[in-house]
1. If you go through segment B:280-306, how many residues are open to solvent by 20 Å² or more (accessible area, probe 1.4 Å) and at the interface with chain A (Cβ under 10 Å from one of its Cβ atoms)?
2. Would you pick out the residues in segment B:307-327 that are farther than 17 Å from A:Leu134 by Cβ and more than 12 Å from chain A (Cβ to nearest Cβ)?
3. Would you call B:Asp198 of a type in the set (D, E, K, R) and modelled with pLDDT of 85 or more?
4. Name the one entry in B:Gly165, B:Gly156 that is modelled with pLDDT of 85 or more and within 10 Å of another protein chain (Cβ to nearest Cβ).
5. Quick one: how many residues across segment A:6-50 are at pLDDT below 70, in contact with a strand residue (DSSP E or B) (Cβ under 9 Å, 6 or more places away or on another chain) and more than 18 Å from A:Glu238 (Cα to Cα)?
6. Taking only segment A:229-245 into account, find how many residues are within 10 Å of chain B (Cβ to nearest Cβ) and outside any loop (DSSP other than H, G, I, E, B).
7. Across segment A:122-140, what is the total count of residues that are aromatic (Phe, Trp, Tyr) and more than 12 Å from B:Val31 (Cα to Cα)?
8. B:Arg247 - would you say it is open to solvent by 50 Å² or more (accessible area, probe 1.4 Å), under 26 Å from B:Val223 (Cα atoms) and more than 9 Å from chain A (Cβ to nearest Cβ)?
Amino acid sequence: MLSRLLGPIRSTTGTARWLLVAGVAITGVFVLMALLAPWITPTDFAQRSVDGVKLPKLASPSGEHWFGTNDQFYDIFSRVVWGARTALTVIVLSVLFSLVIGVVLGLVSGYVGGWTDRLLVFLTDALYAFPSLLLAIVFSFVLSNALGGGVVAAALSLTVVYIPQYFRVVRNTTVSAREATYVEAARAIGAKDTTIMSRYLFGNVVQSVPVIGTLNAADALATLAGLGFLGFGIQPNEAAEWGYDIERALDDAQAGVWWPAIFPGAAIALLVIGLTLIGEGLNETVNPALRRRRLQEVVMPARGLATSGVAAAGTADGTEGER
Amino acid sequence: MASAAQGSLPRYVVQRLLLMIPMIWVVVTVVFLLLRVAPGDPVSASVGGRLSEEELDRRREALGIDRPLWQQYLEYLGDVARFRFGESLSDNRPITSIIIDNGGATLTLTLGAFLVALVIGIPLGLVAGRRRDSAADVGIRLFGITSYAVPVFVTGLVLVLLAGGTGWPTYDIASPITKFQVEPVTHILLVDALIAGDMGAVGDVLQHHVLPCLTLGLLLCGVFIRLVRVNLLMTMKGDYVEAARARGIPERYVVRRHAFRNALVPLITVLGLQVALTLAGAILTERTFNWPGLGTQLVDYLNARDYPAVQGLVTFFAVIVVVTSLIVDIVNALVDPRVRY
């Protein structure tokens, strides 16, 4: 299973590989920040004083506060690093939730067909056509009332937004794979529906999911920050969230105070770009319309000393030209 | 496009129009149920604490939210079908007048953004697709990825900070004087200023449009670059391009005459799909620049827990998305003979 998921990464070439590597590197830095947050930050994410001494308000970046402090007396460097933890937790949760729900629904819907299928397609299409941010706003509005806010409520309100994408892809591939010979063979030897879905269809249908997953991760982060920016996301005492911090910094930015806005802004931008690069790189290799495969090494049997060098030079280059 | 059956264009349009109704119905239902599931009723949430208990009960009765859910739901559906969206709770404004008063600002913002995106996005996309894997391609794609990936409010903030010292307007749709002087006729400030013939006001409004439109336009421009590039790559692989080459037509004519045009057709479809993205982007852009559009209104009413206003505005957004995608599909059917309806 894992080799099936990781297969596309190995077969990348040229620009696609370069995009992938850059994306993985950027994302890796943020993962480190998220993991090491308690040890590399001078203060907790919602800490206004150190050893009983109140932090300064809107202090400019200095040796003591690397990124300065904001209008809520928070140390911005700490907020940015802790924010990575919040962002990655919410992303992982929401992508996992929507992936599991979307894939299962898509498999069942595509395999069973009939009215269930039609109804689900119709519902998800209607949701998909709707502005995702608006959907997330309405859901987080309701969920924060019901669950009392926090990271899980934020992740759940994003989940709903992304289910339709997995559903669509998986359902469509299932519909076309359902009539394939190997599925017919499985049915002929008496395999149960659940076995066909989990053993035969799942592996063949799930291949495009990692691409959607990474692209969604980028989008989910932007939506999460958007929610925070509009004031419907995670509250500042629950966790550090970049979008919220930027919203707080708006008025200061209008007045020319740049540091409360620019650091969380750069963090969002970098992580979104990192995740997008991974998605783009994968897409380039998985989408057959864009794919360029690495040339297979051809080893010619040596016939004479003169020709063996030519064969080696002709196959070493990984980046091929136009087909 | 859904069915391969033979049909005429008018029939296709009617089919699509009929399909629109269930789409909007789903969204209206989801929003209705969600807002009702949320704990706390709209009256005590929006004006509770400020009024006496009797007055609150009177308001609940007037709103009809003391009746069973299905009754309220059917009534709401009936109202929507007759284009009655009700009034806001917190300031008693009819939803239609919110849409008329504030819709103009959102309209000019989004149109300006599309203009920016087309002017920047299409040429860059064509260059990138033409010279695949060159330095220019990589650069343009990185620009596209960045401008799409970076949230609009971050782009907006950077522009605000850059404009900081120059005195260029970074706030609102016009200066207070312009807003005061221009008589509202169409409620689209730019048009009103033009009608009044006040060139100073027109200039002022246009200046205020630059940064927000650029912000939202950069987001869309990322989409366009990517799309035009990929489409060009696909059309360049087409048989007719190969055939043109085989006839000995010089490469630049092949690209310009045969590939470019066909690469641009799918753009129309995608323009339709981007309406949802644009509206979401507009909400964030409006918030960043304190733009008096529908997005700002929606956020304000959400914060005030004003359910009828939120419901009305969200329904309106849904209608806009569905209607524009319908129009785009029809235009697409007219332009592209390959589209079967």
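The values are calculated or read from the model by the stated rules, or taken from the named source; none is laboratory data. These figures come from a predicted structure and were not determined experimentally. A quick note on method: Cβ atoms are made from the backbone with ideal geometry, for glycine too, and the neighbour counts reach across all protein chains shown. What goes into the accessible areas is simple: the full protein's heavy atoms, side chains included, and nothing from ligands, DNA or RNA. Shrake-Rupley method; radii C 1.70, N 1.55, O 1.52, S 1.80 Å.
1. Here the count works out to 4.
2. Across segment B:307-327, the qualifying residue is only B:Ile327.
3. The answer is no for B:Asp198.
4. After applying the criteria, what remains is B:Gly156.
5. Matching residues across segment A:6-50 total 1.
6. Looking only at that region, the number is 4.
7. First, the residues of segment A:122-140 that are aromatic (Phe, Trp, Tyr): A:122, A:128, A:130, A:139.
With the extra rule that they be more than 12 Å from B:Val31 (Cα to Cα), the set shrinks to A:122, A:128.
The qualifying residues number 2.
8. Answer is no for this residue.
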